[in-house]
Structures are given as C-alpha cells and as structure tokens.
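**Q** Could you have a look at this structure, given as structure tokens, before my questions?
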Amino acid sequence: MSSDSTDPRGGTPALGEAGVHGMVEVLRAAGRMRRVSRRAFLTGAVGSGLLAADMMVTKAIQAQRRSTVVLTANDDDARRRFPGTSWVLLPGYKTSWEEAQLIITLLAPSLGERGQLAAVGYSNDGLEVDEVMDAILAHASRNKLTELNLYGHSFGGMLAIDVASRLTRLGASGSASVPRVGAIVLDSTPASKYDVKDLSWFEGVVELYELGFRVPSILRGGYELGERIVNKHERTWTQVVDQALEQLTPLAPSSVLIQTESQYIYDWDVTRFAGEIGRTPIGFIGNPGDQTVDYESARARWQKYFPDNLASSSLQTLGAFPAHASPEWSALVYNTVLGTLLPELLPLPRRIGGAGGGGR
C-alpha cells in the first residue's frame, strides 16, 4: 500500500514528506541544469555558427574554384610604376591558389622591379589551356596591359611556353588587344616528360585518368605523405607534414586537376613549340640537386630546342630547400638569383621621368 494520501480536492495522490523532499531536489537539479544548459547552449550555438560559416565559406571557395582565374597581389607601387606590364605566374604541379599567391608575393622584391604581380589559379574541374588563355587575356584587357612576363614554376614553365606561343600567334594575326610576351622565366621546368625522374608515377596517374578513375583525396593524401617520406632528403619533417596535409584540405587542388596536370606533362612535346615564341628571351634556372626534375637533362633540352631564345641557363638556385622549384620556402635564394637574371632578360625599361607603359 502506498504511503501517499489522497488530495481531497482533486482525488490525485498527495506527496508525503519523502516525495516533497524528492521534488525539491529535482527542482534544484533542474535549476542547475538550466544554468549549465544555457552556457552549453550559447557555447554550442557559437561553435555551430562558426562551423556553419566555415562550411559556407569553404563551399563558396570550392564553387569559385570551378573556374580558372588570375589572382593578383597587393602591389600598388608596381602598378604605379608599371601600369602596362605584369608578371603572370603559371604555378607548378599540385600548387594551390594560396600557394601561388604566396610565391608571387615572396618574389616581389625581384619581379616587382619589372612589373605588376599576378598568378593563375587553375580550375578544380581540370586543366584546360584554352581556359588559362581566356583568363589571362581577360586580365590583360581589364587592366589595360600591353606586356606580360611569364614565370613558369616547375611544370608551369611548360604551360608558359604554350601560352607564349598562343599569344605570339594571336599577335601576329593582327589583334591589337593581345599583349606581347616580354620574357619567360623557367624555374626547374622539364622540357619533356623524360626529364621527370619519377616518370612511372605519371604513367600510372595518366592511365587511371584515361580509364575514367578519379583518385580519392584521402588516397592521394596517403600517397603524398609516403612519397615525401621516401624522399625525406629533399625536405624537412615540417615540410613533409605540411605539404601532405595540404592535399587533404578543402582548398587543395582537386584530384581531377592533378590528373589533368599529369596528362599535360605526359603529352607535352617540346618540338611543337620550338620557333613558335618569336624573339621572346627565356631564362632557365634550376638546381643540380633536384630530385624531381633532372636538371642537366632539362637544361640540355631547352638549350637544344630554344637556342635563339635562351638568354641564360647557367644560374642555379643552390641553397634552396627543397631543391626543386621552392621559392615559397627559399625566397631569399630565388630573389638573389632573379636579381642577376632579370637584367639579362629585361633591361630596365625606359620609364624614367614618368614615361610609364608596358614597353622595354
């Protein structure tokens, strides 16, 4: 039999002493819970809001990166001094938009002495040279540029030669709006797939792409980590971890972009472009310790196929680490080398006294 009595007013059970005590404790606990929950709710709400905002930003960034664009640097002084001339960095293999902007910004002490600064951001839908050309021409038109200097970062040098060839042909066709190419810097750029030391990797990636297989990001990240550990002598442990993790972020180049870049390198034929860039001077720089591209092999090919354009091929990025195309890690080394190279390629333009413009 229950110890509770009956409430004569409503016929419902009345609480005894123990029941009243229990209810008091429940109310006290509820009060504590309400205070804790309020703090937890506010914390959770803020955290959820930040997460949602981050996801929205990431989604927006990923959507934007479905197009090829030209990224500009904060170079007001260069714009003032060189209103008609700009450098355009063609980034290397697996280089993100953020890294491309970092490279062009860190090279400002040397490149900024001869033009504005910009870099191409490749579409995550895949590398298309026509899209790269459209983005560059739109950038030139929008900023009233009459001269472009191209910096080819690793494989980006192949693309720089391709772009220069197309611009030269367009200019020869009589199109007045096409900027001329002032000079090309090739930074550790292979002149053939046979200059790539790990050619078997490219063959595998290209074969998978041709079969329609798209490499999952997590698989690519695992490969990146393993490949960098195997070639540990090229990097510090910080670089190994940082570069591997970069391939797993939402802002990293997509697997499709990387596979199409591999296809481009694999299919690139230097003989197609020999004699196709007019009198544009080329400067090749590299490092004999390069474990990605065979320095001597690449240098010999550039000398063979572009003898009339190659103004310099002896300058080396000794002391850079990693040895292959690493201005973002070794800016001082690169700016020093470029400080020697650029006067050979681009003697100081006749802009003294406010002449301005894009000519040399």
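The values are calculated or read from the model by the stated rules, or taken from the named source; none is laboratory data. These numbers come from a predicted model, not from an experiment. Virtual Cβ from ideal backbone geometry, glycine too; neighbours counted across all protein chains shown. Heavy atoms of the whole protein, side chains included, go into the accessibility calculation; ligands, DNA and RNA do not. Shrake-Rupley method; radii C 1.70, N 1.55, O 1.52, S 1.80 Å.
**Q** Checking the condition open to solvent by less than 50 Å² (accessible area, probe 1.4 Å), acidic (Asp, Glu), modelled with pLDDT of 95 or more and out of contact with any Pro (no Cβ under 7 Å at 6 or more places or on another chain), which residue from 294, 290, 308 passes?
**A** Just a single option satisfies the conditions, and that option is 290.
**Q** If you scan region 137-170, which residues turn out to be without any contact (Cβ under 8 Å) to a residue 60 or more places away in the chain and either of a type in the set (Asp, Glu) or open to solvent by 10 Å² or more (accessible area, probe 1.4 Å) (or both)?
**A** 137, 141, 142, 143, 166, 170
**Q** Condition check: at pLDDT below 95, surrounded by fewer than 21 Cβ atoms within 10 Å (Cβ to Cβ) and assigned to a helix (DSSP H, G or I). Does residue 303 satisfy that?
**A** No; evaluated as a whole, the condition is false for this residue.
**Q** In region 108-184, which helices (runs of 4 or more DSSP H) lie fully inside it and hold 2 or more residues that are among the charged types (D, E, K, R)?
**A** Of the helices (runs of 4 or more DSSP H) lying wholly inside region 108-184, those with at least 2 residues that are among the charged types (D, E, K, R) span 129-142, 156-172.
**Q** Shifting gears a bit: Would you say residue 196 is under 21 Å from the mean Cα position of the chain (by Cα), farther than 15 Å from residue 94 by Cβ and either at pLDDT 65 or above or crowded, with 17+ Cβ neighbours inside 10 Å (or both)?
**A** No: the conditions fail for residue 196.
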